[in-house]
Amino acid sequence: MTFVRNAGSDRGRVSELLLRVLAATALALVWAPVAHAYVGPGAGFAVLSSFLSLLVASLQTILAFLTWPVRQLFRFLRRRRAYSDARTTRAVIIGLDGMDPTLTERFLKQGKLPNLARLRERGTFRTLATTLPPISPVAWSSFLTGVNPGKHNIYDFLAVNRGTYFPELSSARIRGPKRVLKVGRHQIPLGRPRISRLRKSTPFWHYLSRVGISCSIIRVPITFPPEKFPGVLLSGMCVPDLQGSQGTFSFHTTRGKARLHGDNRVILTFEKRGTSFHSYIPGPPDTSRNESNRTLRASFSVAPAGSKGHATLEIDGRRILLSERKYSDWTELKFRTGNYTSVKGICRFYLKSIEPELELYVTPVNIHPARPALPISHPLAYSVYLAKMNGPYATLGLAEDTWALNDGFLDEKAFLEQCYLIHQEREQMFFDALDKTRRGLCVCVFDITDRVQHMFWRELGDDRSPVSGQGAMTTGTVIEELYQRMDNLIGRAMENMTDKDLLLVVSDHGFRAFERGVNLNTWLHQHGYLTLKEGAPAGDWFQGVDWGRTRAYFFGLNGVFLNVKGREGMGIVEPGQEAARLCAELREKLHGLTDPETSRTAILRAFESTKSYIGPYRENAPDLIVGFGDGYRASWDSVQGKVTTAVFEINQKIWSGDHCVDPSLVPGILFSNWKIGGDRHAITDIAPTLLHVFGTKIPPHMDGKPWDMQP
Amino acid sequence: MTRLLGWIDKVFDVSFWLMHPLPPFVILAVFSLLTSVASLLMLRWVSNQKELRRAKDLIGARILEVRLFSDQPRVVTQAYVSLIGDTVLYLRYALTPLLVLAVPFLLLFGQLETRFGHAPIEPARDFLLSATFRTPDSLATAALKLPPEIVEIAPPVHIPFTREIDWELLGQRPGIYNVALLVQGNTVSNCVVIGNGLAQLAAERTRGGLWQRIVNPGECPLPPDGTVDHVGIQYPLRFYGIGSWEAGWLLPYVAMILVGVLLLKKWFRVEV
């Protein structure tokens, strides 16, 4: 290891050694004896093929190097040609999930939305027909593909597993790696988790980018898992949290002895050790062990800090000072598996109270954008780029935690603060993408409008809900301020655009009050279509249902399914005529269903999927889609697949606005800086319109029709 | 200051004495590790970690920008320009810890150079001792007073042009010896180490003050008003290596520090 020598002698020794090696090699070659062995043709092929591989690789490298200028020139020409038939070189679409045309009109009249008013004067303001059913995943899927749900296969947030009657995510399926190496109790995954995209049909930006138009797509719902295309995309709604759920928060308290692992929440009691309180954040399932249901954990402790209203949180060797009723910054969490590997996520802490009880809310653990455990962007580096540029950000599809507010774990102020923190991140991403896309397409969807309206609609005070006008923040201006902030956002976007650029501001649906819930499973039970087992208690997800004597069931937010033989796991309805007859019968009975307590129409219309959808995936749709009336929606128990005693019930939850009603009641908005002709505009028209604007051929399978537009 | 330097000498003497059974490369590795740890602690203490991380992230973002938006020349050009700006920003935040670290590193490098840079003269091996004088007339009167274990094996070579005399000597037995240089009634004592292993060696000795004392802590600097300008002892260079690769002490030392810092930075939660 250590050599001591006079500096000048080094070179001489190396040369001497080299000479000796060369001489020995030459001697060995000259005096090599004849090898008496059979050398088959295989050896010849091996030598030849290795040589050829090397030759081809070298030639390819040289060729790639030599053709680089030509390729760049070709790309440049292709980019120029891409816009040769385009009516604009830049289109920007701002999606405001759930922005309501009636409210917009009201605020416009009051002069509270100056930028949208400017758009209306110079261009267009119309209502935008939504999809059947008017639910975000369905509507945004139609927005991005230009087709009806029968072609894109999304009918709700959840889809029913026809075999087990259990719910599954409708847009994506995440499974473990195909192969694992089992060593005793341990297992090593051989490969990545398998993620299947269940949304079908092709997003319109794929057609644009194929001809050389740059596309930046930010947080458009139902783009997870991200598809490969020659642009950049960050997935939106339906991106899971690190647990694989659509958002599971945890709440830690010193109150009582709570320990609950629910659908969207985990409630845990702090364990007191000395002066500090200990708990853990549940993480993803531990795939390194054979044991089922074992989840990884990130343990932490909280201790009151010296100053009043503060506490110190210690996690993974780091100390974070928490202030009462304030969110922490995004904190990196590391979940260590048994294989000495780790999965990283991020979360925010919200110290709800220190005294008399210590209460801490932890957001769902988001996939770390800089070290994503699952692909959340295309290219993978795009989410990393955004994290490096603007800092960590919420990656979860439904990042605004409506469940925590709905169930009282967060108050309204905390919920709003969370929403606006997330919105701020989205704005940064959007303006970064807008700046990058001086030519091409930039699409960004903001979710805050939907989440806040769901939770604060009652503040408008024009519904008959028992929680109408209630709440700690009864100023009644939350939604108004929200609309004004969106108007401001649009104003800033317009400052970054020229008159030649096309700007579309769209929403996927509007909003209505959610005053009364309808339990259609109870209705089906009372009318003899759904039967419960004798003496068995009815529970979530059809617990207690006697499938052998059930002809129809309600699943999700709008779907009635027939229990068809051969299609459902325990189906009894014969497919064909019997099923068609039953479907028509149910449609007749549900059409115009009246609430006896209020004498109002609870269901406006019921639609048969065979008549409402066209496309190869129509068979996956519910057999009937229910269009609830104004003020009605599927009840909370009904959505959970539970049969109760009453068909109609008052909505007692803070969640007081909704859109899962008849599509005619909740159209979306359409603003543009260009004049748009025609009198009926639908969300499915946007994809073909954009292709038309950029001079790209519209695929014949698209259901939407391009609009007549003038700059 | 001299007292402080004396203490530092002692600390290093004790450290080397404790590790003397270990091979020199291992001792160098131990010092690299200690330096890595000390550097990380110092970095955490004196640097603006938040801004340093932000600057690094921005650099990373610009690099990704070039890759992600390669079809947009305007974005790529802007990314390159910003990359330069962000690199300057990073250097700005890295400058403070660099300046703070410069002082202890200087002291450390001086100490390590005198111990790892050269090897003692092997017994029965000839070596040169050269001296340069302020005035040419000193050449005629200069003489060496040698201990019995070191012998002069050739007449000294006088080079009037450079005012230098070279003596060819031979150490007979391992040990630390004092070789006195007598010039015009003055005596300049020099330490000569014969043997193997690690020892503090002064291969070069010149006139100067504190600076010389720091960069060459093996011996005190020559008196500023004396007749001798420079004394050099031709200790052989020491090389370190793995397999066929070898180099002076500085390269493996710096490489090991870098590796150590990169491996330990997460453990110490330090942004570099």
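Readers should treat all values here as calculations from the given coordinates under stated rules, not as data from a laboratory. All values derive from a computational prediction rather than experimental measurement. All Cβ positions, even for glycine, are placed from backbone atoms using ideal geometry, and neighbour counts span all protein chains on display.
Points to keep in mind about this one:
- Pair residue B:53, residue B:82: separation of 7 Å Cα→Cβ label points (nm): 2.1 nm
- Linear extension gain, residue B:30 paired with residue B:168, 0.36 nm per residue minus alpha-carbon span: 46.0 nm
- Relative exposure of B:66, B:231, A:183, judged by other C-beta atoms within 10 Å (fewest first): A:183, B:66, B:231
- Close amide H partners of residue A:169, meaning residues 5 or more places away or on another chain with modelled amide H under 5 Å apart, are A:159.
- The loop-placed chymotrypsin sites (Phe, Trp or Tyr not before Pro) in the range A:287-358, going by DSSP, that have at most 14 neighbouring Cβ atoms within 10 Å of their Cβ come out as A:340.
- Contour minus Cα-Cα distance for residue A:316 and residue A:161 (0.36 nm per residue): 51.8 nm
- Check: the range A:355-508 dipole with +1 on Lys, Arg Cβ and -1 on Asp, Glu Cβ, in debye: 880 debye
- Share antiparallel - DSSP beta bridges, chain A, percent rounded to 5: 70 percent
- Cβ-derived FRET efficiency at R0 30 Å, residue B:22 paired with residue B:105, nearest 0.05: 0.85
- Among the GluC sites (Glu not before Pro) within the range A:287-388, those in coil by DSSP and having at most 11 neighbouring Cβ atoms inside 10 Å are A:291.
- Going by neighbour counts of Cβ atoms within 10 Å, the residues A:499, B:9, A:401, A:407 line up, fewest first, as A:499, B:9, A:407, A:401.
- Cβ-derived FRET efficiency at R0 30 Å, residue A:424 paired with residue B:269, nearest 0.05: 0.65
- Helical content of the protein assembly as shown, expressed as a calculated mean residue ellipticity at 222 nm, amounts to -11000 deg cm²/dmol (DSSP H runs of 4 or more residues, -39,500 (n - 2.57) each, divided by residue number, nearest 500).
- Under Karplus coefficients 6.51, -1.76 and 1.60, residue-wise ³J(HN,Hα) of the range A:220-225 in Hz, glycine/proline x: 6, x, 6, 10, 10, x
- Between the beta carbons of residue B:259 and residue A:63, assuming R0 = 30 Å, the FRET efficiency works out to 0.20 to the nearest 0.05.
- Here the extension length gained between residue A:289 and residue A:110 equals 58.3 nm, from 0.36 nm per residue of separation less the Cα-Cα distance.
- 10 Å Cβ neighbours from other chains, averaged over peptide B:51-61: 3
- In this structure, the residue pairs whose Cα-Cα separation is over 22 Å, taken from A:436/A:675; A:151/A:697; A:436/A:697, are A:436/A:675; A:436/A:697.
- Global size of the range A:597-711 as Cα Rg and Dmax, reported in angstrom: 18.9, 58
- Reach of residue A:178 by Cα under 27 Å, taken over lysines that are not fewer than 8 positions away in the same chain: A:200, A:228, A:334, A:344
- Taking 19 Å as the straight-line reach from the Cα of residue A:413, the lysines in range (excluding those fewer than 8 positions away in the same chain) are A:326, A:352, A:653.
- Cα-only Debye scattering, chain A: base-10 log of I(q)/I(0) at q = 0.06, 0.10, 0.11 Å⁻¹: -0.44, -1.05, -1.24
- Entry note, the range A:326-458: relative contact order of 16 percent, from Cα contacts under 8 Å with a spacing of 6+ residues.
- Backbone phi angles across the range B:153-161, fed through the Karplus curve with coefficients 6.51, -1.76 and 1.60 (θ = phi - 60°), yield HN-Hα couplings of 9, 8, x, x, 9, 9, 10, x, 4 Hz in residue order; Gly and Pro are listed as x.
- The relative contact order of chain A comes to 20 percent, based on Cα pairs under 8 Å that sit 6 or more residues apart.
- Remark: relative contact order (the range B:112-214) = 35 percent; criterion is Cα-Cα distance under 8 angstrom and separation of 6 or more residues.
- Within straight-line cross-link reach of residue B:50, aspartates and glutamates at Cα separation under 14 Å, skipping those fewer than 8 residues along the same chain: A:329, B:271
- Selection among B:121, A:217, A:506 by position relative to the dipole of the protein assembly as shown gives A:217 as farthest towards the positive end (Cβ unit charges, Cα centre).
- Sequence of B:220, A:660 once ranked by neighbouring C-beta atoms within 10 Å, starting from the fewest: B:220, A:660
- Amide H contacts of residue A:353: A:359, each under 5 Å away and 5 or more positions distant or on a separate chain (H built 1.01 Å from N in the peptide plane; Pro and chain starts excluded).
- Residue-wise HN-Hα coupling along the range A:549-565, computed from phi with Karplus coefficients 6.51, -1.76, 1.60 (Hz; x: Gly, Pro): 10, 10, 9, 8, 8, 9, 9, x, 9, 9, x, 10, 10, 8, 8, 7, 5
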